[in-house]
Amino acid sequence: MPLSVRQGKYGEFISGKTMVLSMTNGGSRGLNTMMVNHILNYDFPLDTASYIHRCGRTGRIGTIGDCRVTNFISKIGEVVVVQKIEMAVRKMKPIPLFNLVNNEKRRRRIGNRK
């Protein structure tokens, strides 16, 4: 999608004309809005920084209403990370550091050696 179209769609979201905005991982950085109340991660973020940037679109100071994050998970590594994130949030602790990209690369290298 050309930049001008993306900017127009984002403008519609900010103005309230559009209530849902769908974007790639690139949209998780640099968009400063208090309009986001729900993030749906169709593809689970593969590292802590991406998770924080994506989910950080919700719950900004000045946001009205409850904020939620929904994650679709499909791999065992994602399940483990989500469980750790949930536990940290419940205990009001920092989100754990994780990098599923490096874990996946490591598994492939080990698998190729056999």
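The values are calculated or read from the model by the stated rules, or taken from the named source; none is laboratory data. Here the structure is a predicted model, which is why all the values come from computation and not from measurement. Neighbour counts run over all protein chains shown; Cβ positions are idealised from the backbone, glycine included. All accessible areas refer to the heavy atoms of the entire protein, side chains included, with ligands and DNA or RNA removed. Shrake-Rupley method; radii C 1.70, N 1.55, O 1.52, S 1.80 Å.
The figures follow:
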| read-out | value |
| --- | --- |
| Gap separating the Cα centres of region 40-93 and region 1-25, nearest whole Å | 22 |
| Residues whose placed amide H lies under 5 Å from that of Ile95, excluding near-sequence neighbours | none |
| Solvent-accessible area of Met23 with every protein chain in place, 1.4 Å probe, in Å² to the nearest 10 | 90 |
| At R0 = 25 Å, FRET efficiency that the Cβ-Cβ distance of Leu21 and Ala49 yields, to 0.05 | 0.75 |
| Approximate spin-label separation Leu3-Glu86, in nm, with each point projected 7 Å along Cα-to-Cβ | 4.2 |
| ³J(HN,Hα) computed for each position of region 43-57 - Karplus, 6.51 cos²θ - 1.76 cosθ + 1.60, integer Hz, glycine/proline x | 10, 4, x, 8, 8, 4, 4, 5, 4, 5, 5, 5, 6, x, 6 |
| Percent accessible area from carbon and sulfur atoms, region 30-84, protein chains only, probe 1.4 Å | 60 |
| Heavy atoms of Thr24: accessible area, 1.4 Å probe, square angstrom to 10 | 110 |
| J(HN,Hα) series, region 2-14, from Karplus relation 6.51 cos²θ - 1.76 cosθ + 1.60, nearest Hz, glycine and proline x | x, 4, 4, 5, 4, 5, x, 5, 5, x, 5, 5, 4 |
